[in-house]
Amino acid sequence: MTVKKADVLVITPHPDDAEFGVAGTVAKWVAEGKEVVYVVCTNGDKGTGDYSVKPEELAAIREQEQRCAAEVLGVREVIFLHHEDQSLEDTPEFRKEIVRMIRMFRPDIVVSADPYRRYIWHRDHRVTGQVVLDAVFPYARDHLAYPDLLEEGLKPHKVKEVWLWTIADNINHRSDITDTLHIKVKALRCHESQVGNNRFPDIEGRLREWAKDRAKGTEYEFAEAFHREEILW
């Protein structure tokens, strides 16, 4: 299997989650010359209130929407793992898929959903975040973890940092997106099945309010917020 080095690997539970959580920062990284790759874990085939749409139709729509958003942001590549929406489990098989992605792209930074948000939180987000953290440390690092990946040419890799998009209780890092908020808005608008049809009648206004709140206590006008961990071992 070919190694395809990227600076940042964004591992998102569903199409559109990364645009809500990290798109402004992704746009900034891309402008700085960093190579960003997306891994989308589920196909989002249950994310609708429209009784007339079939799951396979919705999955195809959401994949195309995600490709559109990635193109707006300048994301180099999007990998779809094609798990069903609401189906993710913390299993060795799923963890191995994520380890394979980390060893293939060998990123300095891995970004995903915070698994520790309390109470109401989509299960796919909790599971994805936990599996990503475990995949980063220690599984991607240790050559005796999933040793058959060595036969695929995927050597161990040590990630330098993990960024988890999160809420107030867990924030320890804010990213300035003042100059890229408009790109975040444009990328989210690609997800018409999720933000269109009056579900978010003023998506730009809501994002501006949200990003302004995340910037409180900083010199930034708009920000995205994360729990950021350096991997020291």
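At a glance:
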item	result
Pick from the range 160-188, criterion touching an Asp or Glu at 6+ places or on another chain (Cβ under 7 Å), at pLDDT 95 or above and β-branched (Val, Ile, Thr), ranking: surrounded by the most Cβ atoms within 10 Å (Cβ to Cβ)	177
Subset of the range 1-40 [surrounded by 24 or more Cβ atoms within 10 Å (Cβ to Cβ) and part of a strand (DSSP E or B)]	8, 9, 10, 11, 12, 36, 38, 39, 40
Matching helices (runs of 4 or more DSSP H) fully within the range 150-233 where at least 2 residues are closer than 18 Å to residue 25 by Cα and in contact (Cβ under 8 Å) with a residue 12 or more places away in the chain	181-189, 203-214
Every pair of residues 6+ apart whose Cβ atoms lie under 8 Å, when the first sits in the range 34-60 and is at positive phi while the second is of a type in the set (Asp, Glu) and part of a loop (DSSP other than H, G, I, E, B)	44/16; 44/85
Failed criterion for residue 49 (all others in (1) at pLDDT below 95; (2) buried (at least 20 other Cβ atoms within 10 Å of the Cβ) hold)	(2)
Matching residues, the range 69-85, being under 21 Å from residue 185 (Cβ atoms) and either buried (at least 17 other Cβ atoms within 10 Å of the Cβ) or of a type in the set (A, V, I, L, M) (or both)	69, 70, 72, 73, 75, 78
Unmet criterion (only one of (1) surrounded by fewer than 22 Cβ atoms within 10 Å (Cβ to Cβ); (2) under 25 Å from residue 109 (Cα atoms); (3) not hydrophobic (A, V, I, L, M, F, W, C)) for residue 201	(2)
One residue from 154, 133, 164 being aliphatic (A, V, I, L, M), touching a helix residue (DSSP H, G or I) at 6+ places or on another chain (Cβ under 9 Å) and within 22 Å of residue 89 (Cα to Cα)	164
Count of residues meeting criterion [part of a helix (DSSP H, G or I) and aromatic (Phe, Trp, Tyr)] in the range 124-149	2
Check on residue 144, free of Cβ contacts under 8 Å to residues at least 40 places away in the same chain and either touching a Leu at 6+ places or on another chain (Cβ under 9 Å) or of a type in the set (Val, Ile, Thr) (or both)	no
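The values are calculated or read from the model by the stated rules, or taken from the named source; none is laboratory data. Worth saying up front: this structure is predicted, and the values here are computed from it rather than measured. Positions of Cβ are backbone-derived with ideal geometry, glycine not excepted, and every protein chain shown enters the neighbour counts.
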